[in-house]
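Each reported figure results from applying straightforward, stated rules to the coordinates on display, with no laboratory input. Just so it is clear, the model here is predicted, and its values are computed rather than measured. Here Cβ is always computed from backbone atoms with ideal geometry, including for glycine, and neighbour counts include all displayed protein chains.
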Amino acid sequence: MSRIQVTWVVKTRKGQVKGPYSTEAILKMIGEGVFSGQEMISKLPDGQWTLISKEPAFYDKLLEALEGVVDVDPKKAQKMEAETVIVQAPKTPRNNTNPHSAPSADSFANIQPQKPLLQQIDVLDTPAYVPPAQKIASVSSGDSKSDSVIELSNIKNMEKGEIAKSLKIPALILMVVIVLGVFLLWDTGPADGSKIHLLAPGKSTATLSDQQIKEKLNEALFAMEQDTFESYVAAQNKLVSIVEGAPMNIEVRALLCVVYFELWPFAVQDAQDIKTIAGITQATRALNVISPFGQVCESVKLMTAGRYKEAKGTIEATLEGSEPFSLLPVLYDFKAELLAGEKDFVNAVPYYEKAAQLWEKWLHPQVALAEALYHQGDFTSAAGILRNVLAKNPKHKEAKVFAGIVEYNGFKKSDTAYAFLNSALESKGRIPSLIEAEGFGALAEIFVLRGEKKKALEVAQRAFGLNPNNGELRQLVIRLGGTDKVKGEKGRNNELLYLGDQYVRQGDFLAAQAEFKAAFEADPKNGTAAMKAAKALWQLNQSFEAIEWLNKAIKAEPKLVSAYVLQADYMSQRFDFIGALQILTNAMRIAPNNYEVLRGLAQLEFRKNNMPGTVNYALRAAKAYDGDIDTYILLAKANGLLARSIMPINKKEIERKENASKDAIRYATKAVEIDATNPEAQITYAKMLAQTNGVDSGITYLNELIKRFSYTLDYRIALAEVYKSEDRYSQAKDIYEKVAEADPRNKKAWLGLGESEKALGLNDKALKAFLSAAVLDPTDGEALFQAGKLYLETSRFEEAIQQFKRVQRLNANYPRTHYYVGKAAFASGDFATALEASKSEKKLNPNVADSYILAAEVFTARRQYAECAAEYSTAMKLRPQGADIYVKSAQCYRQSGSLDVAEDMLALASARESGYAEIYREQGAIYEMKGDTRSAAQAYNKYLGLSPNALDRAEIEAKIMRLGN
């Protein structure tokens, strides 16, 4: 897909030059209020500076923004360089200059679970339609004369359009006492630099008074604003005590999630810490599943789990909300961090600036902004911001280290840099190891310049020990005569995990799995590292090794429930259903009634094609935690398939089918309500819409999503799947071809293209597509399986059997391979091989009817009619059959002498499809055997009436003549 040319730079009112930006990116930032129209703009490479409001390309959008009506044209949502589109978010009031516009304790006192910002969907009611997610107009800034900004405030006031005033302390002495108390009681965490465990709230304690909540929150907020490891530990302790004493305060819970995120780099990151974050997230969302505060916690859970794509969707969905809410600056900061993690510093900068503007006293976005500007080469701005941070908190170690790095690398001022670095690195306090390593590296270079080689080597070795993956530090150590052997690797596993996470963000799973493996080798008790290695290996199609690394994760941390669930997921994808069930059974013993385990069991039943079992387990999972989007997606899919499988032959079955269809759309709607940016939720909803309201409604919905998220291929694949399901293969083929061209490594696109081309009779092209998919994932037999089916349908039986046997060698549990070997053998006249293959398939999949039908066909060919009838009888018990199988069964019963049973089979066939001609041909044969020539002739005549061009017409007419009618 072509990338959009970036052509503009913007000069702010402070004289800072930002960019380059694409036209679309600037339009979006205008819509969000990032640019107000007073900035200067210049077109690259040699344009003149002019007011952005005077540039015709942006005038209309500025006018809309000033009027508070911003609706981004979805056709402009193109994929930009490193995804430069900045998601639409609520605007804060313009002309905000209030220096005290920061979160305050008043905003948290007496907070109860607020009413939902969106209407909750009743899962017992069926919505008629959920419109495609739309860009929501920015929130009006209200009175233009107001000089307030959004604070952590009471939601009810926000709904009335009121913006809370900043906290005013009645007495200066009170603040002095509080600040002094924070410093005196400051819990600095472990002094030896060892990892910490996150502190989870315990059971509810005595209810706190409003005054107690306010005092604790003042201390917690002040601690958070200082933005150091030690201050976040102190804030964690205060917030946990508030949650225990005021468990219904949803905003305080969200603040605790933010603190967990800031402490995550210093945490052990094991099963206990994962459980702590999952627990606070689940409890917070249980208070209100669609509350933006719950979404803050959900974002933290996803980011700490390395699920950055899902986190991005959650953050963007919340930013697009039509209501302002108190932790808006935090979400701006999270969005900026995700962009910075992708090395997209250009677009990270405006988000950091917005976060810093909305919460001026919180130093974190300011320090991160300085680092982003440094990476852009704007050393002057970075240095100015860092000086401002140090003026507010002279003990901010990270700011001091980075100030030294900027002075040395940006301005080549080694003396000034030395003063910053030496002071910071010798001081107490903990900062992320990679930043510390960069600081020691710069300090080592300064010692080299001073000719102090011994000190340079000592400092360089400390830097390299903190970041052994840095090639420049390795070369520096070696150049100074040191060794690149690293001691004490156990303590650096978090840094390796961090590096691995960065590679995951960039899509480099090969490098990521190496980092995660190294982290596990450094600390063999860290199951999280092994689990992350498994995820990366799975993305590399190394399925066997991925499952083995999950074994290591479980062995290292037997209580790491997510590792059990993930392993069962991978095993069931490889059709090892027995192994997956054993893993989930073990997990259930460790965590009874855990929603992840219950959802895993539902997923297993879904892949086993047991839809009632899927619904049963998924409903139990939803009862355990009603905020899990994956559970509702699974419920929607299972009910959809259940509705399609039910034959509406009587009133009861008609009602079952209707109820399943209603449930499918209801649960899909619930999933979209929870997260409208989740592609799988939207795709599931679209498919359920197509199934219940007609295919065109689903197609229209998917086209709307494609217009809005044009850079996402998932919706195009889904649209092609809908076309393919409706036998509209030409349209499906066109979409698959475009996706494969845009992303040649998209296995789904190649498989879908092959299936569409096969349906269109383009067999050579189809085979090429299947083999292209097989090359992408040599461990997955699906592409080879499809190639085998193609060979079978083109009567190349030996080649078909070879392909199916290749699949068996790759995965002995792959379903239906023995069945298709049998079909190919039967078609080539090898009845013995066909019958043996059907027996093998029965052993692997005893509840699948196809192998019994194959055996029946073999017995029919061998004229073993009693055995044939028995096989058909078993097949009909396993799944509802069409009229043709009942007719074939009747033939076997007739030829084995069981005429009454044969007639019963024909009655069942007629109940399903009374116009099926073969019923009456077989009925004529039965009457003929009974000697009822008149009824036989009538049945044969009806057969010819329904099938006038039957191949055996002459033979049937001769029979009628012989019968004398």
For Gln366, the net charge from surrounding residues (Cβ-Cβ under 13 Å; K, R +1; D, E -1) works out to -3
Across every pair of different alpha-carbon atoms, what Kirkwood hydrodynamic radius in Å does the range 639-691 reach? 11.4 Å
Whole Å is fine, so just give me how far the alpha carbon centre of the range 902-965 lies from that of the range 555-600. 55 Å
Using Cα pairs closer than 8 Å and at least 6 residues apart in sequence, work out the relative contact order for the range 351-472, in percent. 16 percent
In cubic angstrom, how much convex hull volume per residue do the alpha carbon atoms of the range 205-323 span? 110 Å³
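List, in the order given, every pair from Lys203/Lys623; Lys888/Lys930; Lys11/Lys738; Lys203/Lys535; Lys608/Lys657 whose Cα-Cα distance in the structure shown is over 28 Å. Walk me through the numbers on the way to the answer.
Numbers: Lys203/Lys623 21 Å; Lys888/Lys930 19 Å; Lys11/Lys738 39 Å; Lys203/Lys535 34 Å; Lys608/Lys657 21 Å.
Going by Cα-Cα distance, Lys11/Lys738; Lys203/Lys535 fall outside the 28 Å limit.
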Proportion of all alpha-carbon pairs of the range 367-517 beyond 22 Å (%): 43 percent
Place a point 7 Å from the Cα of Ala866 in the direction of its beta carbon; the residues of the range 891-923 whose amide N falls under 18 Å from it are 891-902
Ranking request for peptides 787-799, 618-630: highest mean number of other beta-carbon atoms within 10 Å first, then the rest in descending order. 618-630, 787-799
With the cut-off at 23 Å, report for the range 854-955 the share of all Cα pairs above it, as a whole percent. 23 percent
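What number comes out for the charge environment of Tyr564, summing +1 per Lys or Arg and -1 per Asp or Glu over other residues with Cβ under 11 Å away?
Local net charge: -1.
Return one quarter of the surface area of the convex hull spanned by the alpha-carbon atoms of the range 696-831, equal to its mean projected area, in nm².
8.6 nm²
Take peptides 702-708, 511-517, 737-743 and line them up by average Cβ neighbours within 10 Å, highest first, as a rough protection proxy.
Result, highest mean first: 511-517, 702-708, 737-743.
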For Ile196, the residues 5 or more places away or on another chain with a placed amide H closer than 5 Å to its own amide H are Ala267, Val268
In nm, spacing of pseudo-spin labels at Glu548 and Arg479 (7 Å Cα→C-beta vector): 4.0 nm
Can you list the GluC sites (Glu not before Pro) in the range 595-672 that are in a DSSP coil and have 11 or fewer other beta carbons within 10 angstrom? none
Any chance you could list the semi-axes, whole Å, largest first, of the equivalent ellipsoid that the Cα gyration tensor gives for the range 326-420, using √(5λ)? 23, 15, 9
For the pair Glu472 and Asn593, the simple spin-label estimate (label points 7 Å beyond Cα toward Cβ) gives in nm 5.5 nm
What is the sum of charges, Lys and Arg at +1 and Asp and Glu at -1, for the other residues whose Cβ falls under 10 Å from the Cβ of Leu946? +1
Identify the chymotrypsin sites (Phe, Trp or Tyr not before Pro) of the range 357-419 meeting these criteria: DSSP loop state and at most 13 other C-beta atoms within 10 Å of the C-beta. Phe411
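Using a Förster distance of 60 angstrom, determine the FRET efficiency expected from the C-beta separation of Thr794 and Lys413, and round it to 0.05.
Details: r = 75 Å, r/R0 = 1.25.
According to the calculation, E is roughly 0.20.
Among 434-444, 380-390, how do they line up by average Cβ neighbours within 10 Å per residue, starting with the highest? Provide the component values of the computation, followed by the final result.
On the way: 434-444: 23.6, 380-390: 19.9.
The most tightly packed comes first, giving 434-444, 380-390.
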State the percent of C-alpha pairs, over all pairs in the range 489-572, separated by a distance greater than 23 angstrom. 12 percent
On a C-alpha basis, how far is the centre of the range 703-729 from the centre of the range 815-842 in Å? Whole number, if you could? 37 Å
Quickly work out the Lys930-to-Ser725 label distance, labels modelled 7 Å from Cα along the C-beta direction, and quote it in nm with one decimal. 4.4 nm
